[in-house]
Amino acid sequence: MISPLFSHLLIPFIIAMFLAITMGGSGTGPAFSAAYGANVIRRSLIPGIFGIMVFIGAIVAGKGTASTIGKELLDPSFMTLPIVSIILFSVAVSLLIANLVGIPQSTSQSTVLSVTAVALYFHNLNTHKLLFEIIPAWFILPVFSFFISLFIGRYIYRPMRKKGITMPRAQNENLKPVWNGLLILMSLYVAFSIGSNNVANASGPIASMTANELNISLDKNFIIIMILSTLIIAPNFGIGSSIFGHKILQNTGKEIILFGKFEAVIIAFVSASLLLFASLTKGIPTSLVQLNVGAILGIGVAKLGSKNIFKKTQVKNFFIMWLIAPLVSFLLTILLIYIADSSGIL
């Protein structure tokens with residue numbers, strides 16, 4: 001017989017698992033769109049590999065981001081069972097909408113805005129963390145991703161291609177396994193970076209809530225609880241990848257630009273490195289989706305020119321959905337918190 005406490009805890013954990021499934025769908029594109037677009041990996045293999053690397057990234061490098069989401073934006077004492085359930089549910093709904101449309105969406109931005117909605121409602125927002133660390137990173141890092149990739153494309157890739165260095169190598173049968181292996185390695189690196197950042201969107205609030213519900217010290221037990229939460233949440237990324245991943249892979253891997261292997265390695269390395277940097281330095285929850293698309297656009301502009309890339313319909317759809325999904329998360333959280341507070345649930 002399950003005790004009443006643990007039966008109550010099941011509710012937010014189930015919502016967190018559902019959120020992880022939607023995150024897995026959204027994260028598949030940034031992790032494997034480059035390899036899939038270059039026809040290096042079969043779609044059927046992606047969910048399992050993706051899930052394993054996300055789990056490793058969360059355990060090894062996810063502490064900082066989990067702390068930011070779980071206890072730095074909002075006083076952790078507010079992370080009660082109903083509030084955490086509302087936060088996770090609101091984020092999951094916003095991401096589900098994006099997944100159904102087939103647009104990879106920023107889990108981190110939806111989660112941060114959901115937590116911000118709660119913090120504003122209770123007048124307990126850490127404005128310094130939000131306004132001077134997180135939001136600037138959201139704007140600066142994708143721009144860096146774009147210009148780094150553009151620079152590499154224009155001054156390294158294009159000169160190599162003109163001299164006949166890059167393409168013959170990529171097409172050489174003897175070197176084909178090397179290129180393929182390098183591209184797979186970069187995809188694994190991206191999935192690891194996703195684990196270091198995005199798993200925290202679910203495990204951070206869950207860890208704070210669990211400590212509150214069990215009446216134990218958050219400072220002393222946060223890491224242990226976060227690891228246990230990760231053990232439950234991270235495997236669901238692979239499930240989400242298998243359910244939602246195909247449409248997102250098709251949009252990001254095939255429809256924006258036809259990748260060469262050299263280009264795909266650049267895209268994966270730049271976007272994953274910037275995300276891992278954000279995770280390990282300030283524990284900033286940020287968008288790998290936007291870093292990845294920034295790198296894709298940078299390479300695309302270097303290869304085809306800005307007019308040809310930015311006129312593509314799918315790129316416009318990305319920008320529209322990036323605005324809509326976090327806004328849905330914020331507004332839905334405000335609405336549900338108000339209803340719960342008015343009903344005496346909080």
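The values are calculated or read from the model by the stated rules, or taken from the named source; none is laboratory data. Computed from a predicted structure; not experimentally measured. Reconstructed Cβ throughout: ideal geometry from the backbone, glycine too, with neighbour counts over all protein chains shown.
Within the stretch 118-131, being more than 10 Å from ILE337 (Cβ to Cβ), in a loop (DSSP other than H, G, I, E, B) and touching a Leu at 6+ places or on another chain (Cβ under 9 Å) holds for ASN124, ASN126.
Does the stretch 48-66 include one or more residues that are in a helix (DSSP H, G or I) and farther than 22 Å from SER279 by Cα?
Yes, there is a match, as at least one residue in the stretch 48-66 is in a helix (DSSP H, G or I) and farther than 22 Å from SER279 by Cα.
Checking each residue in the stretch 19-46 for being more than 15 Å from the chain's Cα centre (by Cα) and buried (at least 17 other Cβ atoms within 10 Å of the Cβ) picks out ALA34, ALA35, TYR36, GLY37, ALA38, VAL40, ILE41, ILE46. For ALA61, the criteria (1) among the aliphatic types (A, V, I, L, M); (2) surrounded by fewer than 24 Cβ atoms within 10 Å (Cβ to Cβ); (3) at pLDDT 95 or above hold in every case but one, which is (3). Can GLY51 be described as buried (at least 19 other Cβ atoms within 10 Å of the Cβ), out of contact with any strand residue (DSSP E or B) (no Cβ under 6 Å at 6 or more places or on another chain) and farther than 30 Å from ALA211 by Cα? Answer is no for this residue. Within the stretch 257-297, how many residues are among the charged types (D, E, K, R) and on the phi > 0 side of the Ramachandran plot? The number of residues fulfilling the criteria is 0. Across the stretch 179-235, the qualifying residues are those that are under 14 Å from the mean Cα position of the chain (by Cα) and of a type in the set (Phe, Trp, Tyr), and the one among them that is surrounded by the fewest Cβ atoms within 10 Å (Cβ to Cβ) is TYR189. In the stretch 69-107, of all residues being surrounded by fewer than 24 Cβ atoms within 10 Å (Cβ to Cβ) and of a type in the set (Val, Ile, Thr), the one that is nearest to MET17 (Cα to Cα) corresponds to VAL93.
No other residue among VAL115, VAL93 is closer than 20 Å to ILE337 by Cα, modelled with pLDDT of 95 or more, part of a helix (DSSP H, G or I) and not basic (Lys, Arg) apart from VAL115.
For the condition buried (at least 20 other Cβ atoms within 10 Å of the Cβ), modelled with pLDDT of 90 or more and closer than 27 Å to ALA61 by Cβ, PHE277 does not qualify.
Evaluating ILE206 against the criteria (1) among the hydrophobic types (A, V, I, L, M, F, W, C); (2) more than 14 Å from ILE59 (Cα to Cα); (3) modelled with pLDDT under 90 leaves one unmet condition, (3). Here is a check on your reading of the model: is ILE56 in contact with a helix residue (DSSP H, G or I) (Cβ under 7 Å, 6 or more places away or on another chain), at pLDDT 90 or above, closer than 22 Å to LEU185 by Cβ and surrounded by fewer than 24 Cβ atoms within 10 Å (Cβ to Cβ)? In short, yes.
Close Cβ contacts (under 7 Å, 6 or more residues apart or on different chains) running from residues in the stretch 300-323 that are at pLDDT below 70 to residues that are of a type in the set (Asp, Glu) comprise GLN314/GLU255. Scoring LYS162 on the criteria (1) buried (at least 17 other Cβ atoms within 10 Å of the Cβ); (2) at pLDDT below 80 leaves a single failure, condition (1). Hey, any hits in the stretch 180-191 for a residue that's modelled with pLDDT under 85, of a type outside the set (Phe, Trp, Tyr), farther than 17 Å from GLY62 by Cα and not in a helix (DSSP H, G or I)? So far as the stretch 180-191 goes, no, none of its residues is modelled with pLDDT under 85, of a type outside the set (Phe, Trp, Tyr), farther than 17 Å from GLY62 by Cα and not in a helix (DSSP H, G or I).
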